[in-house]
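Down below is the structure, laid out as structure tokens.
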Amino acid sequence: MRLFKTIGAEFSRQQGFLFPWAPVFYGIGIGWYFTLKQEPLWGHWALLLVVALGMVAISFRVLETWRPFAVALVLTVLGFGIAGAKAHWVAGETLGFRFYGAIEGRIIKIDRSASDALRLTLDRVRLKDVDAARTPERVRVALHGQQGFIEPEPGVTVILTGHLSPPGGAVEPGGYDFRRHAWFQRLGAVGYTRTPVLAFKPHDGQGWELWVYRLRMRMSQAVQEALPGPVGGFASAITTGDRSGISEASYDALRASNLAHLLAISGLHMGLLTGFVFATLRLAFAAIPVMALRFPAKKIAAVGALISGAAYLALSGGNVATERAFIMVGVMFGAIIADRRAVTLRAVAVAALIVLTLKPEALYGPGFQMSFAATTALVAVYGAFRSRGLSPHRWPRWLRLVGGVALSSLVAGLATAPIGAAHFNQVPHYGLVANVLSVPLMGLVIIPAAVLAALLAPIGLHWIGLELMAPAIRWILAVAETVSGWDGALSFVVAPDASVLPLLSIAALWMVLWQGRLRWGGAPVAVAALFAWSVSERPDVLISQSGGLIGVMTEAGRALSKPKGDGFAAESWLENDGDPVAQSVAHSRIMFDGSGRQRDFHIGAHILRHATGKRAAEVALAECAQVDLLIVNVDVSGPPDCRLYDIKRLRETGSIAIWSDAHGLDILTAREMSGRRLWSP
């Protein structure tokens with residue numbers, strides 16, 4: 001009874017501070033759905049509904065002290081349900097075979113692949129000799145070979161001859177699952193073409209989304225014509241969300257200097273834009289005595305800022321970071337209209353609930369995680385400063401700008417560093433310096449110039465605003481290039497186990513959201529998570545789903561079986577090892593015995609053989625008893641005592657990870673990790 005009274009007293013002290021926990025439990029429910037190995041049956045959904053309704057009823061009867069437990073369980077079930085509902089809502093046909101032939105479809109998105117190839121996403125798809133019932137709703141095609149016969153434009157129906165295949169699974173067990181991402185994008189096939197893409201029908205003007213997208217692309221083209229080169233690519237990215245004008249070299253420099261967040265239209269851009277509009281409108285109203293005295297000028301300015309934010313959201317493409325930012329400013333300006341405090345953790349929680357309801361799949365994306373981590377940390381730190389009388393408003397004027405940027409960059413950098421390291425396997429070390437030198441220009445020059453360009457665009461004078469922002473963009477790109485070139489600017493880390501990031505996130509949220517000394521109970525949990533990360537062990541052997549690439553861990557790093565081919569898998573493996581060298585370099589780390597199409601490698605006391613091609617596979621099968629495991633990239637049938645992974649079996653299991661110990665080979669497949677879900681045929 002004493003324990004229950006202590007717990008009850010502790011929860012009583014949390015009254016008024018519990019709402020920010022709502023998206024935490026909502027997210028736990030979403031994560032619970034995505035980690036299942038089997039898709040829930042209708043009986044399971046009915047049981048969950050009964051549990052949720054039962055907990056709602058109980059919450060009205062239990063003591064107020066214990067009511068949060070019932071509400072937390074209801075939120076968890078709701079999160080589980082919304083994720084399942086969205087997964088079924090977007091269900092579509094996935095191509096079940098490899099296709100080569102004529103493709104027809106309407107362009108709905110234009111972007112670039114990791115290899116910098118132009119890429120088209122098509123809907124209204126027709127495939128030669130494929131029944132409509134088996135045709136995916138959307139496909140994505142990368143353009144190689146000779147192109148340029150048409151200028152791709154959203155809404156135009158094109159024809160081409162290309163290769164398509166089903167979206168691939170994780171390149172290693174537990175890795176990034178592209179199939180799940182493609183499922184929620186309604187993307188049923190991906191591929192490429194080496195033949196020219198030709199226009200078949202002009203755009204029909206149907207659909208407001210395509211109309212907005214065409215407007216975005218035209219604006220992006222106008223910006224890049226006015227500002228050629230990297231400057232125009234940067235300007236286009238921050239105004240329309242189109243990053244196709246950013247070269248890989250520029251993007252790598254921005255990422256290495258921790259300035260890549262300037263390209264993502266997020267809280268910084270949305271806050272600066274709406275803040276600038278809000279301040280401008282307030283000053284304009286203040287200059288007109290009648291408006292200032294007879295009308296609620298502050299509230300009218302807030303409405304104007306909201307309208308500008310909504311326009312920016314529509315024209316920027318509406319990614320998760322932009323949606324979160326708009327919802328945040330919407331809550332903030334809504335609070336101003338309602339005469340409430342604008343920036344609080346409650347506002348962050350409302351934004352998180354809305355984003356997770358609209359896009360539950362975003363929970364696993366780095367954009368959502370980093371965006372809300374930075375926002376939560378900034379609101380919490382500045383709130384703590386305010387409560388202790390250390391608000392930046394009380395700082396000397398000379399310190400507000402530089403000190404505010406430095407503090408914000410430090411807080412946001414520390415909050416997002418583990419997430420960025422877990423997803424991208426790299427840690428920039430001079431990001432604080434780069435941000436202090438660059439971020440002030442976003443608010444003082446670039447965003448005001450962008451607003452000016454938008455206002456002057458209808459009369460064809462947008463180039464004035466663009467030219468005003470160009471020197472500031474050149475400065476930011478120069479800072480990125482300089483800082484990224486410093487010795488030790490970037491270090492690389494091993495990918496953590498799947499449990500590390502959730503555990504670290506819960507610990508950090510506990511320290512931020514819980515009130516009282518018990519909040520520091522999250523610190524040892526965070527330390528334990530970081531320790532688990534530091535001792536994470538990478539697989540001794542990785543095998544691609546195609547059976548054509550094998551990676552074996554050596555003292556010098558992972559050795560790869562071939563210098564090119566299966567490039568995405570090779571790059572991902574090496575990055576997750578914290579060793580992002582070129583594939584050819586990894587191939588030079590000798591670990592394989594033999595040559596040609598049949599090679600052996602040793603893992604402890606075990607011998608594994610890799611054979612490529614039909615003839616090499618037949619020879620290897622005849623000697624299968626001499627090895628512990630045989631991997632081939634063709635379809636073959638081996639003797640019963642042969643431990644074999646051929647291409648047919650690999651398509652069922654997906655990629656493979658192997659660890660060696662005293663008891664033998666511990667084999668884990670991607671299928672075992674992902675289970676049988678809607679997106680895993």
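The values are calculated or read from the model by the stated rules, or taken from the named source; none is laboratory data. Please read these numbers as outputs of a predicted model, since none were measured by experiment. Cβ atoms come from the backbone with ideal geometry, glycine included; neighbour counts cover every protein chain shown.
For the stretch 554-594: of the residues being modelled with pLDDT of 90 or more, surrounded by 22 or more Cβ atoms within 10 Å (Cβ to Cβ) and over 21 Å from the mean Cα position of the chain (by Cα), which is farthest from V493 (Cα to Cα)?
So the residue we want is L560.
Going by the conditions given, is A454 modelled with pLDDT under 85 and either more than 26 Å from the chain's Cα centre (by Cα) or not charged (D, E, K, R) (or both)?
So A454 passes the test.
Only one of these is over 28 Å from the mean Cα position of the chain (by Cα) and without any contact (Cβ under 8 Å) to a residue 40 or more places away in the chain: L441, L468, L407. Name it.
Answer to the selection: L468.
Within the bounds of the stretch 541-548, is there any residue that is free of Cβ contacts under 8 Å to residues at least 24 places away in the same chain and either outside any helix (DSSP H, G or I) or surrounded by fewer than 18 Cβ atoms within 10 Å (Cβ to Cβ) (or both)?
no
When the stretch 469-505 is examined, which residues are found to be of a type in the set (A, V, I, L, M, F, W, C), in a helix (DSSP H, G or I) and surrounded by fewer than 16 Cβ atoms within 10 Å (Cβ to Cβ)?
W475, A478
Have a look at L48, L53 and point out the one that is surrounded by 16 or more Cβ atoms within 10 Å (Cβ to Cβ), modelled with pLDDT of 80 or more and within 28 Å of R677 (Cβ to Cβ).
Residue meeting the stated conditions: L48.
Filter the stretch 506-539 for residues that are under 30 Å from T669 (Cα atoms), of a type outside the set (D, E) and part of a loop (DSSP other than H, G, I, E, B) and give the result.
Within the stretch 506-539, V535, S536, R538, P539 qualify.
Among the numbered conditions (1) hydrophobic (A, V, I, L, M, F, W, C); (2) surrounded by fewer than 15 Cβ atoms within 10 Å (Cβ to Cβ); (3) at pLDDT below 70, tell me where A384 comes up short.
(3) is the only condition that A384 fails.
What is the residue count in the stretch 608-635 for residues that are over 39 Å from the mean Cα position of the chain (by Cα) and among the hydrophobic types (A, V, I, L, M, F, W, C)?
9
Looking at the stretch 662-681, which of the residues that are within 22 Å of the chain's Cα centre (by Cα) and of a type in the set (A, V, I, L, M, F, W, C) is farthest from V541 (Cα to Cα)?
L678
Quick one: which of V223, V212, V197, V231 is β-branched (V, I, T) and modelled with pLDDT under 85?
From the options V223, V212, V197, V231, the qualifying one is V212.
Of the residues A302, A321, A314, which single one is surrounded by 21 or more Cβ atoms within 10 Å (Cβ to Cβ), aliphatic (A, V, I, L, M) and either in contact (Cβ under 8 Å) with a residue 40 or more places away in the chain or out of contact with any Phe, Trp or Tyr (no Cβ under 7 Å at 6 or more places or on another chain) (or both)?
The unique qualifying residue is A321.
Of the residues that sit in the stretch 200-259 and are charged (D, E, K, R) and within 30 Å of F492 (Cβ to Cβ), which one is surrounded by the most Cβ atoms within 10 Å (Cβ to Cβ)?
D242
Suppose the filter is over 20 Å from A422 (Cβ atoms) and either at pLDDT below 90 or over 28 Å from the mean Cα position of the chain (by Cα) (or both); does I603 pass it?
yes
Taking the conditions exactly as written (among the charged types (D, E, K, R), modelled with pLDDT of 80 or more and closer than 28 Å to S408 by Cβ), does R218 satisfy them or not?
Judged against the criteria, R218 is not a match.
Can you find a residue that is within 30 Å of G547 (Cβ to Cβ), touching a residue at least 40 places away in the same chain (Cβ under 8 Å) and touching a helix residue (DSSP H, G or I) at 6+ places or on another chain (Cβ under 7 Å) anywhere in the stretch 137-148?
No; the residues of the stretch 137-148 include none that is within 30 Å of G547 (Cβ to Cβ), touching a residue at least 40 places away in the same chain (Cβ under 8 Å) and touching a helix residue (DSSP H, G or I) at 6+ places or on another chain (Cβ under 7 Å).
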